[in-house]
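For reference, the structure is listed below as structure tokens.
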Amino acid sequence: MRFSLLNLIRQSFSHNQGWPEQWRSPEPKPRYDAIIVGGGGHGLATAYYMAAEHGMRNIAVVEKGWIGGGNTGRNTTIIRSNYLWEESEGLYNHALTLWQDLSHTLNYNVMYSPRGCMMLAHNIHDVQVFKRHVHANRLAGIDNEWLTPQQAQDVCPILNISKDIRYPIVGAALQRRGGTARHDAVAWGYARAASALGVDILQNCEVTAIRRDQAGAVSGIETTRGAIATERLGVVAAGNTSHVMSMADVRLPLESYPLQALVSEPVKPVMPCVVMSNTIHAYMSQSDKGELVIGAGTDAYTSYSQTGGLHIATHTLDAICELFPNVRRLRMLRNWGGIVDVTPDRSPIIGLTPVPGLFVNCGWGTGGFKATPGSGNVFAHTVARGVPHAINAPFTLDRFRTGRLIDEAAAAAVAH
């Protein structure tokens, strides 16, 4: 059933008891034309676009837990496309373009809010790096502009531009199309739309083995809900990608780190945009409920823990309180962590693997949410057709052998 004003009126007469489940919960079939491992935003988007744009209907998404229970439900929802290298610009701007009309496409309000994303400069190095980003983006037709400290405060009035703080603000780069969206709504919207097109969403279905035929190609998977045959397997398992891919004897240049975030008690609107500081590894925005959403950099050690080190969150809050003195007395409601998979060049891997029929989408580090629609769109093309889309063709696993890296780590000093 589509969401519309007419249906809302109709359901109001039955006390909203007539709405169907958002998506189906079928039993696994013995065989699928393609299986996507991972029920987060990227995996669900992949399945949706495979059905919507490539006509594939016999598809399953297998998720070891529940839909959106991984990084999709554990991130800080920042959206932007102001990356440096042309390959990254193409990928993230493709995603940003899809974000703008995603609610209409899915018939589900994902609460995309283009409130602007501002990145602070604290020293000469920051100024040079961000101005380089501004010029590169504008050459590529991507909006980005340079602001003075006063202009930055005009955009975000609670920002402290005093010269007496540890990391004084000397300028900022602003992408006005950047912003936020509701992470849960994104997962639910893609799940609902994919299910309506015939995609089976199999929750509580953990992959325990990847089966291969005599030629070495993928022939199916073993799961906690039984064996399922398929000749196309797309792995989109975020921080657990290394574990899943090892089942097919594929090693990837990935490291998994905890990434922490926290939210404050709700307050009236005080934060009109997203503000990020790569230098001090802290960023903040305000949710629709009024909570201040605060994110940190990755922990300094590899781990599969979803808690992270307390000192990381403490240092982030120290920086936030200095940049935004007005929030010092706010209480923190909760904090949490996710597991991010990081590549050496801090850019994702999207494409084929040495195993025929096995495809991988991983290595998004701390910036995966913003790419959700674009990532799913190009990966769907790759899995459905067996060849990369032009946009994700540079993000090959082979680049770590040839040295043709897409080094966003060196460009930005940190990847968010």
(Q) Can you tell me which residue is farthest from the chain's Cα centre (by Cα) among those in the range 179-199 that are assigned to a helix (DSSP H, G or I) and among the aliphatic types (A, V, I, L, M)? (A) 196
(Q) Taking the conditions exactly as written (modelled with pLDDT of 95 or more, β-branched (Val, Ile, Thr) and farther than 30 Å from residue 65 by Cβ), does residue 155 satisfy them or not? (A) yes
(Q) Tell me which strands (runs of 3 or more DSSP E) are completely within the range 200-295 and hold 2 or more residues being open to solvent by less than 10 Å² (accessible area, probe 1.4 Å), or say none if there are none. (A) 200-202, 218-223, 233-235, 255-264, 274-277, 282-286
**Q.** Count of the range 46-96 residues which are β-branched (Val, Ile, Thr), over 24 Å from residue 117 (Cα atoms) and in a loop (DSSP other than H, G, I, E, B)
**A.** 1
Q. In the range 1-16, what residues are open to solvent by 80 Å² or more (accessible area, probe 1.4 Å) and over 25 Å from residue 202 (Cα atoms)?
A. 5, 6, 8, 9, 10, 13, 15, 16
Q. Just checking, which of 166, 177 is of a type in the set (D, E, K, R) and surrounded by 17 or more Cβ atoms within 10 Å (Cβ to Cβ)?
A. 177
Q) Could you list, in sequence order, the residues of the range 25-38 that are surrounded by 15 or more Cβ atoms within 10 Å (Cβ to Cβ) and either under 25 Å from the mean Cα position of the chain (by Cα) or of a type in the set (A, V, I, L, M, F, W, C) (or both)? A) 34, 35, 36, 37, 38
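Listed here are the residues, each with its yes/no results for (1) out of contact with any Phe, Trp or Tyr (no Cβ under 8 Å at 6 or more places or on another chain); (2) open to solvent by less than 10 Å² (accessible area, probe 1.4 Å).
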site	(1), (2)
51	yes, yes
59	no, yes
64	yes, no
79	no, yes
94	yes, no
140	yes, no
(Q) Looking at 384, 380, can you tell me which residue is assigned to a helix (DSSP H, G or I), within 19 Å of the chain's Cα centre (by Cα), modelled with pLDDT of 95 or more and under 29 Å from residue 61 (Cα atoms)? (A) 380
Q: Sort through 378, 383, 387 and tell me the only one that's touching a Phe, Trp or Tyr at 6+ places or on another chain (Cβ under 6 Å) and more than 30 Å from residue 267 (Cβ to Cβ).
A: 383
Q | Candidates 388, 373, 354 - the one that is under 30 Å from residue 34 (Cα atoms) and open to solvent by less than 10 Å² (accessible area, probe 1.4 Å) | A | 373
Q) So, of the residues in the range 312-367 that are in a strand (DSSP E or B) and of a type in the set (D, E, K, R), which turns out to be nearest to residue 213 (Cα to Cα)? A) 341
**Q.** Residues satisfying the stated conditions in the range 317-335, i.e. open to solvent by less than 30 Å² (accessible area, probe 1.4 Å) and more than 22 Å from residue 149 (Cβ to Cβ)
**A.** none
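The values are calculated or read from the model by the stated rules, or taken from the named source; none is laboratory data. Just so we're clear, the structure is a prediction, and the values are computed from it rather than from any experiment. Every residue, glycine as well, gets a Cβ built from its backbone with ideal geometry; the counts of neighbours run over all protein chains shown. Side chains included, ligands, DNA and RNA excluded: accessible areas come from the protein's heavy atoms. Shrake-Rupley method; radii C 1.70, N 1.55, O 1.52, S 1.80 Å.
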